[in-house]
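Here the structure comes first, spelled out in structure tokens, and everything after it is commentary.
Values in this text are rule-based calculations from the coordinates and carry no lab data. Bear in mind that the values here come from a model prediction, so they are computed numbers and not experimental data. Cβ atoms come from the backbone with ideal geometry, glycine included; neighbour counts cover every protein chain shown.
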Amino acid sequence: MIVLVESNFVLELALRQEQFDYAKRILGLAEEGRVRLVIPAYALVEPYQTLIRRRSERKDLSRKLQSEIKLLGRSKLHGEIGATSQSVAQTLDAGTEIEREGLEQLLSRLMRSSTVPALSLPIISLAQSMQVTYSLEPPDAIVLASIDTVLKELGSEPKVFVNKNSKDFATPVIEGLLERHGCRLLTSFAAASGYVESELRH
């Protein structure tokens, strides 16, 4: 059984989001050697961009809070608010560091238990055409081009591509593209975990 994933699988695990337990089961099956986990190289880089964006947004939020709290602090009605401001800023900074450490630990696990197809010039070229053909943004087109390329090289065993981005990927044309490679598309880790475990019991 081959399970193909992309960056939202990485973020689900690193940030412990709502479907964390199901994604963790899939990773566990890969670490046990019961499934082959395939993740494009680009999908290991994109999560860093997400964390960088979050860090920037939190810094902006912290600056705005500090500015507002400074104004409130001019009044004797809000004497303790300075300590609250510092606590909020520290919490935001700590959250960013925890997420970064979690991502780096996860990437180490993924690189030990996954197949990671490289990002190549032919994939980038294919992604450019897929932006037009499938009306995709560049990051999604790179993911689909990577998946399409690796599917051509895989055997006939059951394959599933798990991607929570149903708006862009769960379309008849993209599902048809995957089906031609004998690959099913699932848009939740809960559904994917159940499907994979069911297939393994057969």
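FRET efficiency for residue 171 and residue 70, Cβ-Cβ distance as r, R0 = 35 Å, nearest 0.05? The partial results should precede the final answer.
Values: r = 50 Å, r/R0 = 1.42.
Approximately 0.10, to the nearest 0.05.
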For the pair residue 121 and residue 198, the simple spin-label estimate (label points 7 Å beyond Cα toward Cβ) gives in nm 4.5
Label model pair residue 57, residue 184: point-to-point distance (7 angstrom along the Cα→beta-carbon line) in nm is 3.3
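What do you get for GluC sites (Glu not before Pro) in region 1-73 restricted to DSSP loop and a cutoff of at most 13 other Cβ within 10 Å of the site's Cβ? Working shown, then result.
On the way: sites: 6, 12, 18, 31, 32, 57, 68; in loops: 6, 18, 32.
Passing both the DSSP loop test and the Cβ count: 18, 32.
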